[in-house]
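Asker: Got a structure for you, written out below as structure tokens; questions coming shortly.
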Amino acid sequence: MNAVTQLFAGLAAAIHVLVFVWETIVFDRPSVHQGIFHIPSEDVPAVKLWSFCQGFYNLFLGLGTVIGLIALHSGNETVGRTLVFYTCAYMVLAGVTLAVSDRMGLGRAKGSGVGGTVAQISPPLIALVAAAVSL
């Protein structure tokens, strides 16, 4: 697995772990729920369980990529490649789902989540393309 693939897979993992922190640990802060997720403070109690569970989903996805990279460098190349490819593909598909739901205006103002969509899709997509080009 080439260095570009590993670098962007690692970046994708870091983004997902950061989002875990936002959604699970510091979601109550107005700078997070309003500033990042566009959730009004009065709606936080209604979406807190969703945010908490979604945060762990992102943590597990990011950790899956990290475990894949560790396996790759520990001599378990097949396991490592499989985990990195699977988690990166999952991240891209989840990002596409986010883009579609955002374009449909589900949950908030239509088109307000473009930055999150780009952040979620770009690094794992670059990792997958770099991996495919090096085959």
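Asker: When the chain is fully extended, how far beyond the present Cα-Cα distance does Glu42 get from Leu93, taking 0.36 nm per residue of separation?
Answerer: 15.3 nm
Asker: Mind putting a number on the dipole of the chain about its Cα centre? Charges go on the C-beta only, +1 for Lys and Arg and -1 for Asp and Glu, and I need it in Debye to the nearest 20.
Answerer: 160
Asker: Lys/Arg Cβ at +1, Asp/Glu Cβ at -1, dipole of region 3-133 taken about the Cα centre: which of Ala3, Gly55, Phe20 is farthest positive-ward?
Answerer: Farthest along the dipole direction, towards plus: Ala3.
Asker: Work out how much length Leu135 to Val118 would gain on full extension: take 0.36 nm times their residue separation and subtract the Cα-Cα distance, in nm to one decimal.
Answerer: Full extension from Leu135 to Val118 adds 3.6 nm.
Asker: Continuing with this model, one more query. At a 10 Å Cβ-Cβ cut-off, how would you order Leu11, Leu69, Leu135, fewest neighbours first?
Answerer: By the 10 Å Cβ count, ascending, the order reads Leu135, Leu11, Leu69.
Asker: Across 10 Å bins from 0, what is the distribution of all Cα-Cα pair distances for region 19-110, in whole percents?
Answerer: Histogram of Cα-Cα distances, whole percents per bin: 16, 36, 30, 14, 4, 0.
Asker: Next question. For Tyr86 and Leu7 in the same chain, what is the full-extension length gain: residue separation times 0.36 nm, less their Cα-Cα distance, in nm?
Answerer: Numbers: separation 79, 0.36 × 79 = 28.44 nm, distance 1.59 nm.
Extra length available between Tyr86 and Leu7 comes to 26.9 nm.
Asker: State the answer as a single residue: which of Val66, Phe37, Cys88 lies farthest towards the positive end of the charge dipole of the chain, with beta carbon charges of +1 for Lys and Arg and -1 for Asp and Glu, about the Cα centre.
Answerer: With unit charges placed on the Cβ atoms, the residue in question is Cys88.
Asker: Kyte-Doolittle cut-off 0.0, length cut-off 30 Å along the helix's own axis using Cα: show which whole DSSP H helices in the chain pass.
Answerer: TM-like helix candidates: 44-73, 77-103.
Asker: Treat the count of other C-beta atoms within 10 Å as a stand-in for reagent exposure and order Cys88, Cys53 from fewest to most.
Answerer: Cys53, Cys88
None of the figures in this text is laboratory data; all of them are computed from the coordinates on show. What you see is a predicted model; the values in this text were computed from it and never measured. Please note: Cβ atoms are built from the backbone with ideal geometry, for glycine as well, and neighbour counts cover all protein chains shown.
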